[in-house]
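Worksheet: the structure to be examined is printed underneath.
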Amino acid sequence: MNRCPLCHADTAGRGSLHFASSCKAMQRLVIWRHDHINRGVYKFALDGGNDSHLEPQLASESDVPDLVIHFPGEDLFLDVSVTDPSCPSYAQGASDPNNPGNAARQRAQLKENRYLQKARELGASFSPFVMEMFGAFDKNAMEVVKKLVSSLIQWGVPEQPSDIMRRVVCGLAIRMHWGTAKIVNEAMCRAQRKILGIVLEDRRRQRTRGQGNGRFTR
Ligand SMILES: [Zn+2]
């Protein structure tokens with residue numbers, strides 16, 4: 001059994017993939033990746049002339065959507081998430097190479113079950129915005145992307161529609177991959193420090209103790 005040096009979970013031989021999706025020690029950066037994608041969708045919505053709000057406060061709801069976009073004639077609530085199709089906790093078939101996007105579809109269905117009715121009760125529509133960690137967009141996410149692109153075109157952005165589509169898709173995919181790279185890089189650094197017995201201390205505390213400007217202690 002291979003155990004994660006950070007959270008001690010059984011990594012089931014998944015190596016760095018464990019860090020990027022299910023390591024409990026990396027949850028702060030997993031949330032950062034989520035927020036980074038959410039802000040990307042928000043930015044494209046604003047650029048297309050749509051009033052939008054990140055994590056809006058709803059008077060009577062405990063489940064707050066990640067983002068609401070006020071498209072013409074439609075208030076769209078979004079829930080952004082990233083799935084790892086290689087994660088063994090997914091139902092069988094999620095990582096079936098002959099049926100790509102299964103993990104994203106399963107996550108999207110869970111989100112719809114949880115939020116769709118609540119959104120309708122508030123007079124809004126709802127869409128999950130699920131990306132797989134290897135780059136696939138769920139079909140609901142692609143529908144949102146098409147709406148963003150349509151807004152940008154109608155707003156008069158001076159680019160060809162195909163170029164706008166490429167910019168939105170690549171922009172969001174880069175945010176997701178950059179977030180994953182940031183998680184894995186940080187986890188590898190932490191794991192190496194742990195194996196070597198290096199303790200990274202706050203520099204202010206070190207100065208207070210009169211230990212000079214060194215960053216590491218053993
Ligand atoms: Zn872990």
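FYI, it's all coordinate maths here, none of it is from the lab. Owing to the predicted nature of the structure, the values given are computational and were not obtained by experimental measurement. A quick note on method: Cβ atoms are made from the backbone with ideal geometry, for glycine too, and the neighbour counts reach across all protein chains shown.
Report, ordered by chain and residue number, the lysines lying within cross-link reach of LYS147, taken as a straight Cα distance under 27 Å and ignoring same-chain residues fewer than 8 apart. Answer for LYS147, where 27 Å is the Cα cut-off: LYS43, LYS111, LYS118, LYS139, listed by chain and number. Panel order for SER52, SER162, by other beta carbons found within 10 Å of each beta carbon, from fewest to most: SER162, SER52.
Ignoring lysines fewer than eight residues from LYS182 along the same chain, the ones with Cα atoms less than 20 angstrom from its Cα are LYS24, LYS194. The length gained by stretching the chain between ASN2 and GLN27 to full extension, at 0.36 nm per residue less their Cα-Cα distance, is 7.0 nm.
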